[in-house]
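Student: Just passing along the structure, written as structure tokens.
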Amino acid sequence: MSNDNTSTIKSTIDAVTGAAQNALGSLTGNTTDQTKGQAKQDKADAEYQASQATAKGPGFTVSSSGAVKKDDPDRISGSYNQTVGAAKEFVGGVTGAESLKAAGRRQNEEGRQQEAKGQVNDYAGGIGDRVTGTVGGAVAGLTGNQKAKESYQDQHDSGKTQQRGAEHDILKNAEAESNAAHK
């Protein structure tokens, strides 16, 4: 995937070391250390933002590393069932067909549960791939196996993309529910 691996952990470490260097410069009056520390913190912030970057499309996610990951089938089917259920509920409400309205409400709720299950699957699977990729890459790096290291990096990047895509949808759904509750 990408040779410039953006990492949340790396950005956090850089931010802490930058803050320490900045503080040391402040204590000693060394403006060069202050400037370098601030620059390191700014770079860490940019790295953190890049590590979080994803583009979400219908049924897939693309990350800043270039990895593309398809959504879990339950997420896709669940979203479809919510849409169809909402349409049935609307038509049932407009036409006075209570059974169609009730069936639509049930299908919509089943779709929400199905989509949530797919989100959990993608989130957990993404974390698993990130951990496996990180550990495998470290071992491959220690043994000098560059091909395996690159393969594990791809697995890490793919897992990160999968996790970020699920996070995006989970946060979007939580925000929509919060907005609906405040109306």
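The values are calculated or read from the model by the stated rules, or taken from the named source; none is laboratory data. Predicted model, so just to flag it, every value in this text is computed and none were measured. All Cβ positions, glycine included, derive from the backbone under ideal geometry; neighbour counts span all protein chains shown.
Student: Restricting the search to segment 148-183, which residues are in contact with a Gly (Cβ under 8 Å, 6 or more places away or on another chain) and among the aliphatic types (A, V, I, L, M)?
Tutor: Result: Ala148, Ala166.
Student: Of the residues in segment 56-71, how many are within 15 Å of Tyr123 (Cβ to Cβ) and surrounded by fewer than 23 Cβ atoms within 10 Å (Cβ to Cβ)? Write out each step before concluding.
Tutor: Looking only at segment 56-71, we keep the residues that are within 15 Å of Tyr123 (Cβ to Cβ), and these are 56, 61, 63, 69-71.
Then drop every residue that is not surrounded by fewer than 23 Cβ atoms within 10 Å (Cβ to Cβ), which leaves 56, 70.
So the answer is 2.
Student: Going by the conditions given, is Lys183 not in a helix (DSSP H, G or I) and not hydrophobic (A, V, I, L, M, F, W, C)?
Tutor: Values: not in a helix (DSSP H, G or I): yes; not hydrophobic (A, V, I, L, M, F, W, C): yes.
Spelling it out, Lys183 is indeed not in a helix (DSSP H, G or I) and not hydrophobic (A, V, I, L, M, F, W, C).
Student: Something else now. Could you tell me whether Lys88 is in a helix (DSSP H, G or I), in contact (Cβ under 8 Å) with a residue 40 or more places away in the chain, basic (Lys, Arg) and surrounded by 14 or more Cβ atoms within 10 Å (Cβ to Cβ)?
Tutor: Values: in a helix (DSSP H, G or I): yes; in contact (Cβ under 8 Å) with a residue 40 or more places away in the chain: no; basic (Lys, Arg): yes; surrounded by 14 or more Cβ atoms within 10 Å (Cβ to Cβ): yes.
In short, no.
Student: Then there is this: Identify, please: which residue in segment 113-139 is farther than 18 Å from Asp72 by Cα and among the β-branched types (Val, Ile, Thr) and is, among those, surrounded by the most Cβ atoms within 10 Å (Cβ to Cβ)?
Tutor: First, pick out the residues of segment 113-139 that are farther than 18 Å from Asp72 by Cα: 131-139.
Imposing the further condition that a residue be among the β-branched types (Val, Ile, Thr) reduces the set to 131-132, 134-135, 139.
On the way: Val131: 13, Thr132: 14, Thr134: 18, Val135: 12, Val139: 13.
Only one residue tops the list, namely Thr134.
Student: Related question: Please work out which residue is farthest from Pro58 (Cα to Cα), limiting yourself to segment 136-167 and to residues that are among the small types (Gly, Ala, Ser) and more than 19 Å from the chain's Cα centre (by Cα). If you could, list the steps in order and put the result at the bottom.
Tutor: Step one: of segment 136-167, the residues among the small types (Gly, Ala, Ser) are 136-138, 140-141, 144, 148, 151, 158-159, 165-166.
Going one step further and asking which of them are more than 19 Å from the chain's Cα centre (by Cα), we end up with 136-138, 140-141, 144, 148, 151.
On the way: Gly136: 31, Gly137: 31, Ala138: 34, Ala140: 35, Gly141: 36, Gly144: 40, Ala148: 32, Ser151: 27 Å.
Only one residue tops the list, namely Gly144.
Student: Of the residues Glu98, Glu110, Glu47, which single one is at pLDDT 95 or above and surrounded by 14 or more Cβ atoms within 10 Å (Cβ to Cβ)? Give the steps one after another, and end with the answer.
Tutor: Numbers: Glu98 fails: surrounded by 14 or more Cβ atoms within 10 Å (Cβ to Cβ); Glu47 fails: at pLDDT 95 or above.
Exactly one residue qualifies, and that residue is Glu110.
Student: Pairs needed: first member in segment 45-72, farther than 22 Å from Ala116 by Cβ; second member anywhere, modelled with pLDDT under 70 and of a type in the set (A, V, I, L, M); C-beta distance under 6 Å; at least 6 residues apart or different chains.
Tutor: Ser64/Ala50; Ser64/Ala53; Ser65/Met1; Gly66/Met1; Ala67/Met1
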